[in-house]
Amino acid sequence: MSRLYQHGTLAMLMGKQMQGTITVAELRQQGDTGIGTLDGLDGEVIILAGEVYQAQSDGQVNHITDPDTLLPFASVHFDAPTQKLPFSSVTFSNLSAQLKTAQLQQVFAAIKFHGDFSHMHVRIAPKQVPPYPSLLSVAENQPEFEAENISGTVVGYFAPQIFNGPTAAGWHVHFLSDDRQFAGHILDFSAEQVTGDLQIFDEFVQHLPIDNPDFRQMTLDFDGLIAGIEASEGGRK
Ligand SMILES: [Zn+2]
(Lines give C-alpha, C1' and ligand atoms only; values in the text may rest on other atoms or scores of the structure.)
Protein backbone atom coordinates (compact mmCIF):
# COMPACT_ATOMS: atom_id res chain seq x y z
CA MET A 1 0.00 0.00 0.00
CA SER A 2 1.22 3.44 -0.91
CA ARG A 3 -0.65 6.55 0.13
CA LEU A 4 -0.80 10.14 -1.04
CA TYR A 5 -2.25 12.51 1.56
CA GLN A 6 -3.68 15.86 0.52
CA HIS A 7 -4.91 18.55 2.88
CA GLY A 8 -7.31 21.06 1.34
CA THR A 9 -8.26 21.25 -2.30
CA LEU A 10 -7.32 23.45 -5.21
CA ALA A 11 -11.04 24.21 -5.51
CA MET A 12 -10.90 25.70 -2.00
CA LEU A 13 -8.14 28.08 -3.08
CA MET A 14 -10.32 28.98 -6.07
CA GLY A 15 -13.08 29.64 -3.51
CA LYS A 16 -10.77 32.16 -1.75
CA GLN A 17 -10.06 29.87 1.20
CA MET A 18 -6.37 30.65 1.62
CA GLN A 19 -6.24 30.57 5.43
CA GLY A 20 -3.92 27.98 6.91
CA THR A 21 -5.80 25.00 8.34
CA ILE A 22 -3.17 22.33 9.04
CA THR A 23 0.09 22.63 10.97
CA VAL A 24 3.48 21.50 9.78
CA ALA A 25 3.52 19.05 12.71
CA GLU A 26 0.19 17.49 11.64
CA LEU A 27 1.31 17.31 8.04
CA ARG A 28 4.60 15.65 8.95
CA GLN A 29 2.66 12.76 10.51
CA GLN A 30 1.32 12.04 7.02
CA GLY A 31 4.54 12.19 5.06
CA ASP A 32 8.17 13.25 4.82
CA THR A 33 8.10 14.47 1.22
CA GLY A 34 5.78 16.82 -0.61
CA ILE A 35 4.70 20.28 -1.74
CA GLY A 36 2.26 22.99 -0.67
CA THR A 37 1.88 26.63 0.27
CA LEU A 38 1.75 28.55 3.58
CA ASP A 39 -1.04 30.58 5.21
CA GLY A 40 -2.39 33.21 2.80
CA LEU A 41 -0.91 31.43 -0.23
CA ASP A 42 2.46 32.57 1.10
CA GLY A 43 5.00 31.13 -1.28
CA GLU A 44 5.88 27.65 -2.47
CA VAL A 45 6.62 24.86 0.00
CA ILE A 46 8.84 21.89 -0.66
CA ILE A 47 9.31 19.08 1.86
CA LEU A 48 12.36 16.87 1.49
CA ALA A 49 13.43 14.18 3.96
CA GLY A 50 11.09 15.73 6.55
CA GLU A 51 12.60 19.21 6.25
CA VAL A 52 10.21 21.99 5.22
CA TYR A 53 11.36 24.85 2.98
CA GLN A 54 9.43 27.84 1.69
CA ALA A 55 10.26 30.03 -1.28
CA GLN A 56 8.80 33.46 -0.57
CA SER A 57 7.80 35.84 -3.34
CA ASP A 58 10.95 37.99 -3.15
CA GLY A 59 12.94 34.87 -4.01
CA GLN A 60 14.27 34.18 -0.53
CA VAL A 61 14.15 30.56 0.65
CA ASN A 62 13.29 29.88 4.31
CA HIS A 63 13.83 26.73 6.33
CA ILE A 64 10.54 26.34 8.23
CA THR A 65 11.26 24.93 11.67
CA ASP A 66 8.19 26.11 13.64
CA PRO A 67 5.90 23.04 13.86
CA ASP A 68 2.85 25.32 14.33
CA THR A 69 3.28 26.98 10.91
CA LEU A 70 -0.03 26.73 9.04
CA LEU A 71 -0.75 25.61 5.48
CA PRO A 72 -4.05 25.83 3.55
CA PHE A 73 -3.06 23.25 0.94
CA ALA A 74 -0.39 20.56 0.81
CA SER A 75 0.29 17.09 -0.56
CA VAL A 76 2.65 14.70 1.21
CA HIS A 77 3.68 11.06 1.19
CA PHE A 78 6.32 8.86 2.75
CA ASP A 79 9.14 8.49 0.28
CA ALA A 80 9.26 4.82 -0.76
CA PRO A 81 10.00 4.81 -4.48
CA THR A 82 8.79 1.97 -6.66
CA GLN A 83 10.71 2.73 -9.82
CA LYS A 84 14.11 4.20 -10.66
CA LEU A 85 14.25 7.08 -13.09
CA PRO A 86 17.50 7.75 -14.79
CA PHE A 87 16.75 9.79 -17.88
CA SER A 88 18.53 12.22 -20.13
CA SER A 89 17.58 15.37 -22.02
CA VAL A 90 14.52 15.95 -19.89
CA THR A 91 12.36 19.08 -20.00
CA PHE A 92 9.02 19.87 -18.38
CA SER A 93 7.25 19.46 -21.70
CA ASN A 94 8.75 16.04 -22.48
CA LEU A 95 8.44 14.67 -18.93
CA SER A 96 5.24 12.70 -19.65
CA ALA A 97 6.71 11.34 -22.88
CA GLN A 98 9.86 10.29 -21.01
CA LEU A 99 7.65 8.37 -18.58
CA LYS A 100 5.24 6.94 -21.14
CA THR A 101 6.00 3.33 -20.26
CA ALA A 102 5.07 4.08 -16.63
CA GLN A 103 1.44 4.56 -17.78
CA LEU A 104 0.60 7.29 -15.31
CA GLN A 105 -2.51 8.76 -16.91
CA GLN A 106 -5.02 7.11 -14.52
CA VAL A 107 -2.99 7.14 -11.30
CA PHE A 108 -1.52 9.47 -8.71
CA ALA A 109 2.26 9.38 -8.73
CA ALA A 110 5.09 11.20 -7.00
CA ILE A 111 8.26 12.12 -8.80
CA LYS A 112 11.54 13.12 -7.23
CA PHE A 113 14.75 13.64 -9.15
CA HIS A 114 18.07 15.35 -8.74
CA GLY A 115 20.43 16.76 -11.30
CA ASP A 116 22.24 19.71 -12.79
CA PHE A 117 19.64 21.82 -14.56
CA SER A 118 20.82 23.91 -17.49
CA HIS A 119 17.66 25.98 -17.03
CA MET A 120 15.14 26.33 -14.20
CA HIS A 121 12.14 28.67 -14.35
CA VAL A 122 9.88 29.01 -11.31
CA ARG A 123 7.17 31.25 -9.98
CA ILE A 124 6.36 32.06 -6.38
CA ALA A 125 2.90 32.98 -5.10
CA PRO A 126 2.88 36.23 -3.07
CA LYS A 127 1.29 36.24 0.39
CA GLN A 128 -2.33 37.41 0.50
CA VAL A 129 -4.27 38.91 3.39
CA PRO A 130 -8.00 38.67 4.17
CA PRO A 131 -10.39 39.31 2.57
CA TYR A 132 -8.67 36.98 0.13
CA PRO A 133 -8.79 37.79 -3.59
CA SER A 134 -9.53 35.27 -6.32
CA LEU A 135 -6.81 32.77 -7.14
CA LEU A 136 -6.94 34.04 -10.71
CA SER A 137 -5.96 37.57 -9.73
CA VAL A 138 -3.11 36.18 -7.61
CA ALA A 139 -1.97 34.07 -10.56
CA GLU A 140 -1.72 37.15 -12.75
CA ASN A 141 0.77 38.81 -10.41
CA GLN A 142 3.28 36.15 -9.45
CA PRO A 143 7.01 36.87 -9.48
CA GLU A 144 8.99 34.53 -11.71
CA PHE A 145 12.64 33.58 -11.30
CA GLU A 146 15.09 31.89 -13.62
CA ALA A 147 18.43 30.22 -13.02
CA GLU A 148 21.02 28.64 -15.29
CA ASN A 149 23.24 25.69 -14.42
CA ILE A 150 21.76 25.01 -11.03
CA SER A 151 21.82 21.73 -9.16
CA GLY A 152 18.87 20.72 -7.09
CA THR A 153 15.86 18.51 -6.61
CA VAL A 154 12.47 18.42 -8.29
CA VAL A 155 9.59 17.04 -6.19
CA GLY A 156 5.92 16.83 -7.01
CA TYR A 157 2.98 14.87 -8.27
CA PHE A 158 1.04 13.67 -11.24
CA ALA A 159 -2.75 13.64 -10.84
CA PRO A 160 -5.23 12.01 -13.24
CA GLN A 161 -7.64 14.14 -15.27
CA ILE A 162 -10.75 13.14 -13.26
CA PHE A 163 -9.24 14.75 -10.14
CA ASN A 164 -8.96 18.19 -11.75
CA GLY A 165 -10.68 20.30 -9.08
CA PRO A 166 -9.54 18.58 -5.90
CA THR A 167 -6.08 19.21 -7.33
CA ALA A 168 -4.53 20.25 -10.65
CA ALA A 169 -4.59 17.40 -13.17
CA GLY A 170 -1.23 16.66 -14.73
CA TRP A 171 2.12 17.54 -13.20
CA HIS A 172 2.54 19.89 -10.24
CA VAL A 173 6.21 20.06 -9.28
CA HIS A 174 8.42 22.29 -7.13
CA PHE A 175 12.19 22.83 -7.13
CA LEU A 176 14.77 23.31 -4.35
CA SER A 177 18.42 23.98 -5.12
CA ASP A 178 21.17 22.04 -3.35
CA ASP A 179 22.40 25.23 -1.66
CA ARG A 180 18.80 25.98 -0.47
CA GLN A 181 18.97 29.45 -2.04
CA PHE A 182 16.59 29.00 -5.00
CA ALA A 183 13.17 27.38 -5.04
CA GLY A 184 9.65 27.66 -6.38
CA HIS A 185 6.77 26.24 -8.39
CA ILE A 186 8.20 24.98 -11.66
CA LEU A 187 7.07 26.55 -14.93
CA ASP A 188 9.83 25.05 -17.05
CA PHE A 189 13.17 23.30 -16.78
CA SER A 190 15.72 21.38 -18.78
CA ALA A 191 18.47 19.01 -17.76
CA GLU A 192 20.83 16.71 -19.62
CA GLN A 193 20.98 13.99 -17.00
CA VAL A 194 18.91 13.44 -13.87
CA THR A 195 18.47 10.56 -11.47
CA GLY A 196 15.51 9.92 -9.25
CA ASP A 197 12.46 7.90 -8.46
CA LEU A 198 8.83 7.44 -9.20
CA GLN A 199 6.27 6.31 -6.66
CA ILE A 200 2.77 5.24 -7.68
CA PHE A 201 -0.03 5.42 -5.10
CA ASP A 202 -2.96 3.05 -4.74
CA GLU A 203 -4.55 5.28 -2.14
CA PHE A 204 -5.44 9.00 -2.25
CA VAL A 205 -6.51 10.55 1.06
CA GLN A 206 -8.38 13.83 0.77
CA HIS A 207 -8.35 15.64 4.11
CA LEU A 208 -10.69 18.63 4.64
CA PRO A 209 -10.54 21.42 7.28
CA ILE A 210 -13.98 20.65 8.75
CA ASP A 211 -13.44 22.88 11.80
CA ASN A 212 -12.88 25.97 9.67
CA PRO A 213 -16.14 27.99 9.47
CA ASP A 214 -15.11 29.96 6.37
CA PHE A 215 -14.50 26.73 4.49
CA ARG A 216 -17.83 25.34 5.65
CA GLN A 217 -19.61 28.44 4.32
CA MET A 218 -17.72 28.59 1.03
CA THR A 219 -19.75 28.64 -2.15
CA LEU A 220 -18.07 27.58 -5.37
CA ASP A 221 -18.72 28.67 -8.92
CA PHE A 222 -18.41 25.27 -10.56
CA ASP A 223 -18.70 26.63 -14.09
CA GLY A 224 -15.72 28.88 -13.54
CA LEU A 225 -13.74 26.29 -11.63
CA ILE A 226 -12.13 24.32 -14.43
CA ALA A 227 -11.28 27.40 -16.50
CA GLY A 228 -9.84 29.00 -13.39
CA ILE A 229 -7.68 25.99 -12.61
CA GLU A 230 -6.34 25.98 -16.15
CA ALA A 231 -5.48 29.66 -15.90
CA SER A 232 -3.96 29.61 -12.44
CA GLU A 233 -2.40 26.23 -11.70
CA GLY A 234 -2.75 24.45 -15.06
CA GLY A 235 -0.73 21.31 -14.49
CA ARG A 236 1.32 20.06 -17.45
CA LYS A 237 -0.19 17.00 -19.04
ZN1 LIG B 1 2.97 24.76 -6.76
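The values are calculated or read from the model by the stated rules, or taken from the named source; none is laboratory data. None of these values were measured; they are calculated from a predicted model. Because the Cβ atoms are built from the backbone with ideal geometry, glycine has one as well, and the counts that use them run over all protein chains shown. Heads up: the accessible areas ignore ligands, DNA and RNA and are worked out on the full protein's heavy atoms, side chains in. Shrake-Rupley method; radii C 1.70, N 1.55, O 1.52, S 1.80 Å.
Per-structure values
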read-out	value
Residue in the stretch 206-217 that is out of contact with any Gly (no Cβ under 8 Å at 6 or more places or on another chain) and more than 21 Å from G40 (Cβ to Cβ) present	yes
Unique residue being under 24 Å from D32 (Cβ atoms), at pLDDT 95 or above and of a type outside the set (A, V, I, L, M, F, W, C) when the list is H114, H121	H114
The lone exception for L27 - which of (1) within 16 Å of the ligand (Cβ to nearest atom); (2) under 25 Å from A227 (Cα atoms) it fails	(2)
Search result, residues across the stretch 43-77 that are in contact with a Phe, Trp or Tyr (Cβ under 9 Å, 6 or more places away or on another chain) and of a type in the set (A, V, I, L, M, F, W, C)	V45, I46, I47, A55, V61, I64, A74, V76
Selection from the stretch 133-166 of residues that are in a strand (DSSP E or B) and either without any contact (Cβ under 8 Å) to a residue 24 or more places away in the chain or more than 17 Å from the chain's Cα centre (by Cα) (or both)	E146, A147, E148, N149, I150, S151
Every residue from the stretch 32-61 that is out of contact with any Asp or Glu (no Cβ under 8 Å at 6 or more places or on another chain) and away from the ligand (no atom under 16 Å from the Cβ)	E51, D58, Q60
L70 more than 16 Å from the ligand (Cβ to nearest atom), among the aliphatic types (A, V, I, L, M) and more than 21 Å from I200 (Cβ to Cβ)	yes
Given (1) in contact with a helix residue (DSSP H, G or I) (Cβ under 6 Å, 6 or more places away or on another chain); (2) open to solvent by less than 40 Å² (accessible area, probe 1.4 Å), number of the condition L136 does not satisfy	(2)
